[in-house]
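> Have a look at the structure that comes next, please.
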Amino acid sequence: MNEDKTGNFRVLAADDEELILKVYRDILLKKIDDASLSEISDLEAQLFGKKKPEPAPGYSFELVTCRQGDEAIAAVRQAIEEDNPFSLALLDIRMPPGPDGVKTAEAIRALDPLIEILMVTGYSDVDPREIAQRVHPPHKLLYIQKPFHPQEIYQFVCTLCAKWKNEAFIRNYNERLLSHIEEQTTELKKANQELREEIRVREESETALRESEEKFRDLFEKSSDHLYLHDLEGNLISTNLAFKNECGYDEEYLNFRNIRDLIPDRYRDKFDEYLKRIVEKGYDEDIMILRTGNGKELVLECKNSLIRDSEGKPVAVRGAGRDISERLKIEEQKHNLEVQLMRMQRMEALGTLAGGIAHNFNNLLMGILGNSSLASLEIDANHNVQKNLENIRTLVESGSRLTRQLFDYSKSEANVVRTTDLNMVIKKTAEAFGGSRNDIRIHYQLEDACNIDADRGQIEQALFNFFINAGDAMPSGGDIFLETRIVSHLEIVGEPSDVKAGDYVRLIIKDTGVGMDEETKGHLFEPFFTTKGFVKGTGLGLASAYGIIKAHGGYIHVISEKGEGASFSIYLPVSIKKITSEEHEGQDIAYGTETVLLVDDENIVLETSEQLLRYLGYSVIKAQGGREAIEIFSSKRGQIDLVILDLIMSDVRGEIVFDTLVKIKKDVKVILSSGYGIDDKTRDIINRGCKGFIQKPFDIKDLSLMISEILKEKS
């Protein structure tokens, strides 16, 4: 702020252009010739209707200049405090970035009701009537448009300063007159004092009211909440800046706009219900959804209160809304993650149940397969019953495959893990599937070096199940797109918990089938869930595929919509190992004469296995349960060459029995047997010295070869 103290009139000039301020200085601080004074006198005579005065010796001014409205307001406030007020304020209408000239004029008028104000602007679109409505009184406000003539400004300044001076003189004269009247008439003086006190109180109240309104307006506009005022019909009376900005509408559009116009059609009935509630209760909290200027929907959490007049009659509603759109998104994401977690927990529980069922069923199959194998060996190969026995073995194999699918769903690890070229497995499995469905076209986009550590048989089974699922979704034919690519763990989506860091092979299996709705996707990997009915499907295909992928440390993400096909993204950890060739063995039944301790808590398994072993030539000692096995081995360890130990028993767990046997005889040879497949627990026992593992139901050939191989090993 610059100040030049050289005259008898104080003038305040506010403009964001330094050039304009310089012009004011040149005009007001420069001496004016007699001809100019004569023109000013003529103008003064015309404005105030009095005779042309004699030429004055000239005007001088004390000029204070400001670049912003805030500085101008501060200067007026300081002048009032120092009892040295300004006669005139020259205000530019537009002074970014602070308050504009009109707001500045309002604030200055609130501070100094007597100051003359001259509004100056270079824009023709500013309506003087609007300014006059906002800045009162109108007789102390003039308006001039840039560009202006220097003499014109000088005339205005001189005339308005003279007017201000004359009004001050009149005020002083009136005060003296009132004082004289008070001296002459005591009663009139008393009455006048009461009147002046009333005027003073009223002026203070008005000033306080104006200041309060300004503070409220400032808080109203600067609040981050969406503040609004509407009548009882829903027509907007006032909105703050946050409301306008967030909704994307300007003041002109929102002025007396009915809120219904901003609400999507499907929510307008709720707004009518809200208007009834607010009148009845006087207060309301609810969610309001508005359509913004760019077409998006804005979700506001609103608190509204009714405004009443002095007689208690409802007149309007004030409200505050807070944007909760982002919070709702976060809550929705949280809900989705919780749903995914619940699904995973449910599937894990189903997996445990499925594994238990499969284990018990395998024990039954063990009895059936063992007895049918023994019966087949006891009769002539050409006997008519051989065909029936072969049918029994075939049915047992089918049942075994069914339980194997249940195990694949429930297990946490793969059985026989080797480094495998996933692309080769994909092509082999896809070609096998394609041979059965000539109406389906298979497209490949496979990236090189997609090696994984996997049980190849399980991966083939999982892929085949995915292909069958895709084929079922395309009964009239279609396309399957297969794509592999190496990705980072950061690109894995759809998992509610942290994904293990590292690189993964992403296999995308995409079909052009009928797609799935959200309900179907929610149950997709659950065992026994099928959309085909149990006549056509077991509901175990995708469940076992899910278990296999999880057992290999992988993840699955599904994208599908009804009528839009389905896309399965399968992520498997990349292997850095080299691929080694697999060994293929084919041998006949092996016989022996050693002594075997057979341990199981199921009678049918114990009896069947005993018969198989005796047929192979072995001596058999039976133990029904872990406790009996420990007692027998303690007393006969020198006679026993091999122990076949059931892993899951009701009295003593198999791993405890194994550890006890090792303590009794360090080099004991033990084969674990279980209706479950190999898991972490089984691998741990094998790593501690167990010689082998055989899964129920097993046939006589597999059993004989494993026993023969282990017994040949040197202790």
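The values are calculated or read from the model by the stated rules, or taken from the named source; none is laboratory data. Quantities reported herein were computed from a predicted structural model and do not represent experimental measurements. Methodologically, a virtual Cβ is constructed for each residue, glycine included, from the backbone with ideal geometry; neighbour enumeration extends over all protein chains shown. In case anyone asks, the SASA skips ligands and DNA or RNA and just uses the protein heavy atoms, side chains included. Shrake-Rupley method; radii C 1.70, N 1.55, O 1.52, S 1.80 Å.
> Looking only at the stretch 540-570, count how many residues are touching a strand residue (DSSP E or B) at 6+ places or on another chain (Cβ under 8 Å), in a loop (DSSP other than H, G, I, E, B) and farther than 20 Å from residue 443 by Cα.
Residues that pass the stated criteria total 3.
> Say we look at the stretch 219-262 and pick out the residues that are in a helix (DSSP H, G or I), open to solvent by 70 Å² or more (accessible area, probe 1.4 Å) and of a type in the set (D, E, K, R); which of these is modelled with the lowest pLDDT?
Among them, the one singled out is 222.
> Among the residues that make up the stretch 582-592, is at least one of them open to solvent by 30 Å² or more (accessible area, probe 1.4 Å), at pLDDT 80 or above and closer than 30 Å to residue 701 by Cβ?
Checking the stretch 582-592: at least one residue is open to solvent by 30 Å² or more (accessible area, probe 1.4 Å), at pLDDT 80 or above and closer than 30 Å to residue 701 by Cβ.
> Applying the selection to the stretch 309-332, what residues are more than 37 Å from the chain's Cα centre (by Cα) and free of Cβ contacts under 8 Å to residues at least 24 places away in the same chain?
Passing the criteria: 309, 310, 311, 312, 313.
> Identify, from the list 79, 74, the residue that is in a helix (DSSP H, G or I), farther than 19 Å from residue 161 by Cβ and either open to solvent by less than 60 Å² (accessible area, probe 1.4 Å) or at pLDDT below 90 (or both).
Unique residue meeting the criteria: 74.
> Then there's this: Scan 675, 689 and give me the residue that is at pLDDT below 85 and open to solvent by less than 50 Å² (accessible area, probe 1.4 Å).
675
> Output the residues belonging to the stretch 82-106 that are open to solvent by less than 70 Å² (accessible area, probe 1.4 Å), under 28 Å from residue 149 (Cβ atoms) and within 49 Å of the chain's Cα centre (by Cα).
Passing the criteria: 92, 93, 95, 100, 101, 102, 104, 105.
> When you look at residue 681, is it assigned to a helix (DSSP H, G or I) and either over 20 Å from residue 602 (Cβ atoms) or touching a helix residue (DSSP H, G or I) at 6+ places or on another chain (Cβ under 7 Å) (or both), yes or no?
Yes.
A quick yes/no check of all residues on (1) modelled with pLDDT of 80 or more; (2) in contact with a Ser or Thr (Cβ under 7 Å, 6 or more places away or on another chain); (3) of a type in the set (D, E, K, R):
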| position | (1), (2), (3) |
| --- | --- |
| 290 | yes, no, no |
| 295 | no, no, no |
| 298 | yes, yes, no |
| 304 | yes, no, no |
| 315 | yes, no, no |
| 318 | yes, yes, yes |
| 327 | no, no, yes |
| 333 | no, no, no |
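> Restricted to the stretch 452-496, and to residues that are open to solvent by 30 Å² or more (accessible area, probe 1.4 Å), over 19 Å from residue 524 (Cβ atoms) and not in a helix (DSSP H, G or I), which residue is modelled with the lowest pLDDT?
Only one residue fits best here, namely 453.
> If we keep just the residues of the stretch 613-647 that are among the acidic types (Asp, Glu) and open to solvent by less than 80 Å² (accessible area, probe 1.4 Å), which is nearest to residue 675 (Cα to Cα)?
Among those that are among the acidic types (Asp, Glu) and open to solvent by less than 80 Å² (accessible area, probe 1.4 Å), it is 646.
> Restricting attention to the stretch 107-141, which residues are surrounded by fewer than 21 Cβ atoms within 10 Å (Cβ to Cβ), of a type in the set (Asp, Glu) and within 23 Å of residue 75 (Cβ to Cβ)?
Passing the criteria: only 112.
> Output the residues belonging to the stretch 434-451 that are hydrophobic (A, V, I, L, M, F, W, C) and open to solvent by 10 Å² or more (accessible area, probe 1.4 Å).
If the condition is that a residue be hydrophobic (A, V, I, L, M, F, W, C) and open to solvent by 10 Å² or more (accessible area, probe 1.4 Å), then 440, 442, 446, 449 are the ones that fit.
> Still on this structure: I'd like the full set of residues that are charged (D, E, K, R) and closer than 21 Å to residue 571 by Cβ, limited to the stretch 459-490.
Within the stretch 459-490, 460, 483, 485 qualify.
> When both residues are 6+ apart or on different chains and their Cβ atoms are under 9 Å apart, which pairs have a first residue that lies in the stretch 638-655 and is without any contact (Cβ under 8 Å) to a residue 12 or more places away in the chain, and a second that is assigned to a loop (DSSP other than H, G, I, E, B) and not aromatic (Phe, Trp, Tyr)?
If the second residue must be assigned to a loop (DSSP other than H, G, I, E, B) and not aromatic (Phe, Trp, Tyr), the pairs left are 638/665.
> On to the next question. I'd like to check something: does the stretch 179-196 contain any residue that is out of contact with any strand residue (DSSP E or B) (no Cβ under 9 Å at 6 or more places or on another chain), among the hydrophobic types (A, V, I, L, M, F, W, C) and open to solvent by 70 Å² or more (accessible area, probe 1.4 Å)?
Within the stretch 179-196 (the criterion being out of contact with any strand residue (DSSP E or B) (no Cβ under 9 Å at 6 or more places or on another chain), among the hydrophobic types (A, V, I, L, M, F, W, C) and open to solvent by 70 Å² or more (accessible area, probe 1.4 Å)), the answer is yes, since at least one residue qualifies.
> Pick out the one residue from 655, 709 that is of a type in the set (Asp, Glu), open to solvent by less than 60 Å² (accessible area, probe 1.4 Å) and either closer than 29 Å to residue 458 by Cβ or not in a strand (DSSP E or B) (or both).
When all the criteria are applied, what remains is 655.
> Related question: Taking the criterion of being outside any strand (DSSP E or B), modelled with pLDDT of 75 or more, open to solvent by 60 Å² or more (accessible area, probe 1.4 Å) and in contact with a helix residue (DSSP H, G or I) (Cβ under 7 Å, 6 or more places away or on another chain), would at least one residue in the stretch 208-218 satisfy it?
Yes, the stretch 208-218 contains a residue that is outside any strand (DSSP E or B), modelled with pLDDT of 75 or more, open to solvent by 60 Å² or more (accessible area, probe 1.4 Å) and in contact with a helix residue (DSSP H, G or I) (Cβ under 7 Å, 6 or more places away or on another chain).
> Here is a further query. Condition first: open to solvent by 80 Å² or more (accessible area, probe 1.4 Å) and farther than 14 Å from residue 466 by Cα. Now tell me which residues in the stretch 418-427 satisfy that.
Within the stretch 418-427, 418, 424 qualify.
> Are any of the residues in the stretch 282-295 closer than 17 Å to residue 314 by Cα and open to solvent by 60 Å² or more (accessible area, probe 1.4 Å)?
Within the stretch 282-295, one or more residues are closer than 17 Å to residue 314 by Cα and open to solvent by 60 Å² or more (accessible area, probe 1.4 Å).
Condition check ((1) hydroxyl-bearing (Ser, Thr, Tyr); (2) on the phi > 0 side of the Ramachandran plot; (3) touching a Ser or Thr at 6+ places or on another chain (Cβ under 6 Å)) across all residues:
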site: 593; (1), (2), (3): yes, no, no
site: 596; (1), (2), (3): no, no, no
site: 606; (1), (2), (3): no, no, no
site: 614; (1), (2), (3): no, no, no
site: 617; (1), (2), (3): no, yes, yes
site: 644; (1), (2), (3): no, no, yes
site: 649; (1), (2), (3): no, no, no
site: 668; (1), (2), (3): no, no, no
site: 694; (1), (2), (3): no, no, yes
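> In the stretch 179-207, which residues are at pLDDT below 75 and among the acidic types (Asp, Glu)?
Hit for the stretch 179-207 is 187, nothing else.
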